[in-house]
1. Restricting to strands (runs of 3 or more DSSP E) lying wholly in segment 4-61: which have 3 or more residues that are under 23 Å from Leu89 (Cβ atoms) and not hydroxyl-bearing (Ser, Thr, Tyr)?
2. Restricting segment 413-433 to residues that are within 29 Å of the chain's Cα centre (by Cα) and over 15 Å from Trp456 (Cα atoms), which is least open to solvent (accessible area, probe 1.4 Å)?
3. With Leu389, Leu441, Leu407 as the choices, which residue is open to solvent by 10 Å² or more (accessible area, probe 1.4 Å), over 18 Å from Ala308 (Cα atoms), of a type in the set (A, V, I, L, M, F, W, C) and outside any loop (DSSP other than H, G, I, E, B)?
4. Mind counting the residues in segment 342-367 that are farther than 12 Å from Ile81 by Cα and under 25 Å from the mean Cα position of the chain (by Cα)?
5. Can you tell me which residue is nearest to Glu54 (Cα to Cα) among those in segment 315-373 that are out of contact with any Phe, Trp or Tyr (no Cβ under 9 Å at 6 or more places or on another chain) and among the hydroxyl-bearing types (Ser, Thr, Tyr)?
6. Pairs please, first residue from segment 290-302 and free of Cβ contacts under 8 Å to residues at least 60 places away in the same chain, second anywhere and outside any helix (DSSP H, G or I), Cβ atoms under 8 Å, 6+ apart in sequence or on different chains.
Amino acid sequence: MPHAYDVIIAGCGPTGAMLAAELRLHDVRVLVVEQQTEPASAVRIVGLHIRSLELMAMRGLLERILPHGRKRPASAYFAAIAKPAPPGLDSRYAYLLGIPQPVIERLLEEHAVELGAQVRRGCAVAGFEQDDEGVTVELADGERLRSRYLVGGDGARSTVRKLLGVGFPGEPARTESLMGEMEVGVPPEEVAVTVAAIRETHQRFWLRPAGVRVYSVLVPAAGVSDRAEPPTLEDFKQQLHAVAGTDFGVHSPRWLSRFGDATRLADSYRVGRVLLAGDAAHIHPPIGGQGLNLGVQDAFNLGWKLAAQIHGWAPETLLDTYQTERRPVAEAVLDNTRAQTELLSSEPGAQAVRRLLTELMDFDEVNLHLLEKITAIGIRYDFGTGPDLLGRRLRDIDVKQGHLYDLLHRGRGLLLDRTERLTVDGWSDRVDHLADSTAALDAPSVLLRPDGHVAWIGDDQQDVNDHLSRWFGKPAH
């Protein structure tokens, strides 16, 4: 069979849609298959953290997204311990953007389709076989399609991961919670007083304002209906009564959900021509709101590397760096959500540690360290020895043409050259060059990958050529 596509992506959630868009920036033929016939309708609010906002700005998407969300001040909120943001937060986008999940999913899907990705809904991967040349994918309706690669972005119960035989070790859920948004029938003052008293000992409980008369509600799920069934408003009322002695007159729910604290990480992100991304590769409790962000960041890391492999200019080990870079990031997220979950326990020992951490977070260094974990701006990939900036993301600095991220919309590499004497000759089909001695950068020159991470720092032409070859393959001439 001929290759009808270069990449087939299972799942059109934020990860799958973002990956499709990244691939289309490089003219890769992409088909996204999504089991659901319609986008999600539950108006659940998700948060885009600083690093995800930076990535959206890099692709010119942020201005499109902002009108649909609500900005909230950046703050350290580790284990729901509220502290103001520490000084020295190194980003132009130092805020949290709350946005309805169906809206961000729709915007990312529209972005991918506008770039030329094909999306088929009501369509799921039922099987596949891979060989040295590609993957034959069988859809649920029996249709067989041939592609060069298959990516499973099909969620925690990933069919692709299961068919691939990749282990998904970790811990099953020990506790479950109900979470939703609904209107409250008592005055805000009464809600605030009651919730404050309960949260002195019960951290897995809150009612937080989420609009006019609307609250985000979290309660333990113990003792309510079958976990296989979606929760009801009566379940919430029952649990609110059990914990608070009142149901606060809740009514008119916007959305209701149930989640556990299961934590799992795929043994491998790649087997041959089949890869995993997003929740198909990692799941963890939603505390800290890192899940959607982690998946979208997987897509940014994978997209340009997979495109390079398809177009034939990828260095031999480039695609392997997707797993070596992203899997440790997921391990760290799983660890910090484990830690946060323990700190929500009402057990005396956990509460003692929580009180200690609350004190420690008054130190700016501790506060900043935890905030960088949650928002992913503290990630440093291992690119070898060098200055601290090597392997880190570069903030959106001022350059003579405006802002740095405006130069990354096409998903290409960038040599930011303050010496004004370097070139990217031989790589200009993959890497842009900006000679700017005025750039607000404390380094002579840097080479940026398409995901905004610093791949090289220096001022020597031969040295930058070596690193261009390392990340962007052999020169074209």
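1. On the way: elements: 5-10, 30-34, 45-48.
Of the strands (runs of 3 or more DSSP E) lying wholly inside segment 4-61, those with at least 3 residues that are under 23 Å from Leu89 (Cβ atoms) and not hydroxyl-bearing (Ser, Thr, Tyr) span 45-48.
2. From segment 413-433, those within 29 Å of the chain's Cα centre (by Cα) are 413-416, 429-433; that's our starting set.
If we keep only those that are over 15 Å from Trp456 (Cα atoms) as well, we get 429-430.
Numbers: Asp429: 88, Arg430: 19 Å².
The extreme case among them is Arg430.
3. On the way: Leu389 fails: outside any loop (DSSP other than H, G, I, E, B); Leu441 fails: outside any loop (DSSP other than H, G, I, E, B).
Criteria check complete, one pass: Leu407.
4. 3
5. Thr337
6. Gly291/Ile283; Gly291/His284
Residues checked against (1) within 24 Å of Gln323 (Cβ to Cβ); (2) touching a Lys or Arg at 6+ places or on another chain (Cβ under 6 Å); (3) polar (S, T, N, Q):
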| position | (1), (2), (3) |
| --- | --- |
| Gln118 | no, no, yes |
| Ala126 | no, no, no |
| Lys162 | yes, no, no |
| Gly167 | yes, no, no |
| Val195 | no, no, no |
| Gln203 | no, no, yes |
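Matching residues to (1) closer than 27 Å to Ala117 by Cα; (2) part of a helix (DSSP H, G or I); (3) open to solvent by less than 20 Å² (accessible area, probe 1.4 Å); (4) at pLDDT below 95:
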{"site": "Trp255", "(1), (2), (3), (4)": "no, no, yes, yes"}
{"site": "Phe259", "(1), (2), (3), (4)": "no, no, no, yes"}
{"site": "Asp267", "(1), (2), (3), (4)": "no, no, no, no"}
{"site": "Ala299", "(1), (2), (3), (4)": "yes, yes, yes, no"}
{"site": "Trp304", "(1), (2), (3), (4)": "yes, yes, yes, no"}
{"site": "Ala308", "(1), (2), (3), (4)": "yes, yes, yes, no"}
{"site": "Pro315", "(1), (2), (3), (4)": "yes, no, no, no"}
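The values are calculated or read from the model by the stated rules, or taken from the named source; none is laboratory data. Fair warning: this is a prediction, and the values are worked out from it, not measured in the lab. Backbone-built Cβ (ideal geometry, glycine too); neighbour counts: all protein chains shown. All accessible areas refer to the heavy atoms of the entire protein, side chains included, with ligands and DNA or RNA removed. Shrake-Rupley method; radii C 1.70, N 1.55, O 1.52, S 1.80 Å.
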